[in-house]
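In what follows, a single structure is set out as structure tokens and then discussed.
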Amino acid sequence: MKQEELINVGLAALVEDQASSSPIVLLHDPKSNKILPIWIGDTEARAISFALNKTGITRPMTHRLVLEVMAALGGKLVHIVITDLKKNTYYADICIMIGDRFVHIDSRPSDAIAIAVEAGAPIFVVKRIMDSAAQANPFPGIIMQQREQRSIKDFKEEDLKKLGELLEKARQREEKSAD
């Protein structure tokens with residue numbers, strides 16, 4: 001995959017869809033000021049939240065364990081990439097350097113994002129995915145910085161309403177892509 005085909009994004013927020021009570025990761029492209037929402041599971045949201053908040057836990061969670069195994073085997077996380085969207089399902093690769101070899105490991109985006117956040121590694125999205133599934137940033141009053149954590153308290157009520165509308169449009173677009 002050529003570098004120009006990838007868009008470097010930041011994790012803008014981890015929010016909950018009010019309609020379904022499902023967690024959503026919002027990835028932000030600062031150059032185009034677009035948001036890519038990805039619905040994830042509760043367990044994955046918890047892992048991402050722990051990584052974002054640098055929550056100290058006594059035993060390693062899966063994303064920390066993967067990084068430790070990777071390091072023990074001589075590998076280093078380079079970045080993760082959201083690679084595809086098929087029938088409402090996003091796909092991702094965890095990209096690792098082992099010696100002079102570059103290895104791509106298939107992953108769920110939520111797991112890959114948790115690993116990237118834990119390691120402080122870049123998150124990329126393939127350009128065609130951003131072009132087809134991302135939407136304009138509905139938060140003009142909030143500049144979203146890459147890897148800057150956002151709290152729900154940072155958003156105004158009108159911003160939350162816009163977010164709800166954004167998420168509904170994204171859900172409808174993903175349902176259409178499944179057909």
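Read-outs: derived from the displayed coordinates by stated rules, not from any lab. Just so you know, these numbers come straight off a predicted model, no measurement behind them. Cβ atoms come from the backbone with ideal geometry, glycine included; neighbour counts cover every protein chain shown.
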- request: Quickly work out the Val69-to-Ser49 label distance, labels modelled 7 Å from Cα along the C-beta direction, and quote it in nm with one decimal.
  value: 2.5
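Based on the mean of other beta carbon atoms within 10 Å per residue, what is the order of 67-77, 45-55, most packed first? Let's see the in-between values first.
Values: 67-77: 13.9, 45-55: 16.8.
Result, highest mean Cβ count within 10 Å first: 45-55, 67-77.
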field: Summed side-chain charge close to Ile57 - residues other than Ile57 whose Cβ falls under 12 Å, Lys, Arg +1, Asp, Glu -1
entry: +3
